[in-house]
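Student: Structure below; questions to follow.
The values are calculated or read from the model by the stated rules, or taken from the named source; none is laboratory data. Treat the numbers as computed from the prediction; the structure is a model and nothing was measured. As a convention, Cβ positions derive from the backbone with ideal geometry for all residues, glycine included, and neighbour counts pool all protein chains shown.
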Amino acid sequence: MNTYLVGGAVRDRLLKRPVSERDWLVTGISCDALIKLGYKPVGRDFQVFLHPETKEEYALPRGEQASHNEREQVEQDLRLRDLTVNAIAIAADGEIIDPLSGLQDIEARLLRHTAGFSQDPVRILRLARLAARLADAGFRIAPETQLLVRAMVANQALAAAHPERVWSEIEKALRAPRPWLFFDALRALHALKPLLPELDALFGVPQPKLHHPEIDTGVHSLLSLERACELSVDPQVRLAALLHDVGKGSTPREQWPRHIGHEKRGARMVETLCRRLRMPNQYRELAVSTARFHTDCHRALELKPETLLKKLKQLDALRRPERLEQLLLACTGDLRGRPGHEQQPYPQADLLRRALQVASQVDGNSVARPEENGKQTGVRIDRARILRIAEVKRNWQWDTQADSK
């Protein structure tokens with residue numbers, strides 16, 4: 001059994017970047033022999049095994065093996081990988097095997113496709129994800145690779161991509177340091193429209209310049225994602241910030257640049273998008289709530305105490321306070337996702353946090369009366385909550401006035 005370090009681990013080692021996970025190519029051994037050694041088989045397209053201790057992936061060479069010697073097996077496997085910079089292997093003795101001149105492309109900072117790239121349409125998303133990850137190192141997608149991807153998209157290659165695999169790549173991008181570059185790359189490759197048409201439709205849709213100096217709703221969405229990344233590493237928060245304004249893509253042109261009712265429309269569109277990609281419920285619920293209630297959050301200082309309580313209940317914040325915190329982070333990203341507003345304070349979030357805090361402190365047992373039914377008790381509890389929220393608002397307004405003097 002001979003092992004070769006392959007894929008992203010080689011690329012990152014050559015770039016002197018941290019290696020997060022290592023993949024191995026193995027030759028000179030059969031599937032049955034690996035299993036007897038304790039390796040656990042995974043994967044379907046070609047045989048991949050997890051090491052019994054490290055859990056790192058060990059794969060047998062892809063392609064026809066019977067008629068090739070070991071070196072030919074390794075090179076053939078490398079040629080079937082997605083990009084030349086990922087088609088490099090390092091043998092146990094340190095020898096570098098580079099049949100597609102991946103070292104040269106690393107030096108030139110180019111992401112270039114291999115002959116096997118078009119075999120899997122999900123590689124388009126992986127390309128965009130790697131472009132975002134390596135942007136700080138000066139990498140760019142090779143012109144011929146851009147042409148190939150655009151041709152694949154035009155031929156509806158992405159229609160064959162399974163939703164679960166598409167979502168897996170999007171989620172990985174959202175967890176990365178600069179996910180807005182991932183979506184920007186997809187758009188440049190003409191792949192955003194078939195994958196996320198609701199998001200793609202926002203580019204070119206204007207907003208009032210007074211509130212949105214960037215004007216373009218698509219640009220604002222990516223800026224909101226960028227600001228959300230400064231606030232949180234939570235991919236749920238980041239997705240919610242990205243999708244909060246998708247309803248503006250359905251506004252009739254004659255109503256531009258205003259977008260009355262985009263919140264309700266957006267919530268329905270986000271619901272459809274999340275279900276289409278089969279996202280986990282927690283992602284869908286937060287993204288839908290953010291699309292539906294982000295304007296209400298921005299208006300929190302203007303809302304009456306009873307309306308604030310109503311919004312908290314609609315958000316299920318009394319039962320799930322962590323969900324409100326996620327939503328407020330996404331809304332802060334929205335507020336700051338405009339040129340010149342990157343550090344703008346968001347007192348509305350602090351007011352909503354305080355309102356939830358005092359509303360949650362109401363003791364239902366102390367408020368309830370024996371002669372009342374459950375509905376009557378609920379009304380009494382809500383009245384107590386409203387009184388506490390009203391007191392918070394009065395103190396808030398007093399503190400605001402004092403600070404302004």
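Student: Within the range 372-382, does at least one residue satisfy the condition of being within 22 Å of ASN395 (Cα to Cα), in contact with a Gly (Cβ under 6 Å, 6 or more places away or on another chain) and hydrophobic (A, V, I, L, M, F, W, C)? So that I can check it myself, show each step before the final result.
Tutor: Taking the range 372-382 first, the residues within 22 Å of ASN395 (Cα to Cα) are 381-382.
If we keep only those that are in contact with a Gly (Cβ under 6 Å, 6 or more places away or on another chain) too, we end up with 381.
Filter again for hydrophobic (A, V, I, L, M, F, W, C), leaving 381.
Yes, the range 372-382 contains at least one residue that is within 22 Å of ASN395 (Cα to Cα), in contact with a Gly (Cβ under 6 Å, 6 or more places away or on another chain) and hydrophobic (A, V, I, L, M, F, W, C).
Student: May I ask you to say which residue of PRO163, PRO179 is in contact with a Pro (Cβ under 9 Å, 6 or more places away or on another chain), of a type outside the set (Phe, Trp, Tyr) and at negative phi?
Tutor: PRO179 is the lone residue from the list that is in contact with a Pro (Cβ under 9 Å, 6 or more places away or on another chain), of a type outside the set (Phe, Trp, Tyr) and at negative phi.
Student: Does at least one position in the range 350-362 carry a residue that is in a helix (DSSP H, G or I), in contact (Cβ under 8 Å) with a residue 24 or more places away in the chain and under 20 Å from the mean Cα position of the chain (by Cα)?
Tutor: Looking through the range 350-362, none of the residues is in a helix (DSSP H, G or I), in contact (Cβ under 8 Å) with a residue 24 or more places away in the chain and under 20 Å from the mean Cα position of the chain (by Cα).
Student: Another question, if that's okay. Taking the stated definitions as given, is THR84 touching a Leu at 6+ places or on another chain (Cβ under 6 Å) and either at pLDDT below 95 or farther than 12 Å from ALA191 by Cβ (or both)?
Tutor: Working: touching a Leu at 6+ places or on another chain (Cβ under 6 Å): yes; either at pLDDT below 95 or farther than 12 Å from ALA191 by Cβ (or both): yes.
Yes; evaluated as a whole, the condition is true for this residue.
Student: Also, I was wondering about something else. Can you say whether VAL358 is at pLDDT 90 or above, surrounded by 14 or more Cβ atoms within 10 Å (Cβ to Cβ) and either more than 30 Å from HIS244 (Cβ to Cβ) or basic (Lys, Arg) (or both), as far as the supplied structure shows?
Tutor: Working: at pLDDT 90 or above: yes; surrounded by 14 or more Cβ atoms within 10 Å (Cβ to Cβ): yes; either more than 30 Å from HIS244 (Cβ to Cβ) or basic (Lys, Arg) (or both): no.
No: the conditions fail for VAL358.
Student: Can you name every residue in the range 281-305 that is among the acidic types (Asp, Glu) and exposed (fewer than 14 other Cβ atoms within 10 Å of the Cβ)?
Tutor: We begin by selecting, within the range 281-305, every residue among the acidic types (Asp, Glu); these are 285, 296, 302.
Result: GLU302, single match.
Student: In a loop (DSSP other than H, G, I, E, B), at pLDDT 95 or above and of a type in the set (Lys, Arg), is that true of ARG338?
Tutor: On the way: in a loop (DSSP other than H, G, I, E, B): yes; at pLDDT 95 or above: yes; of a type in the set (Lys, Arg): yes.
It is true that ARG338 is in a loop (DSSP other than H, G, I, E, B), at pLDDT 95 or above and of a type in the set (Lys, Arg).
Student: Sticking with this one: State whether the residues of the range 318-338 include one that is surrounded by fewer than 19 Cβ atoms within 10 Å (Cβ to Cβ), farther than 23 Å from ASP216 by Cα and not charged (D, E, K, R).
Tutor: Yes.
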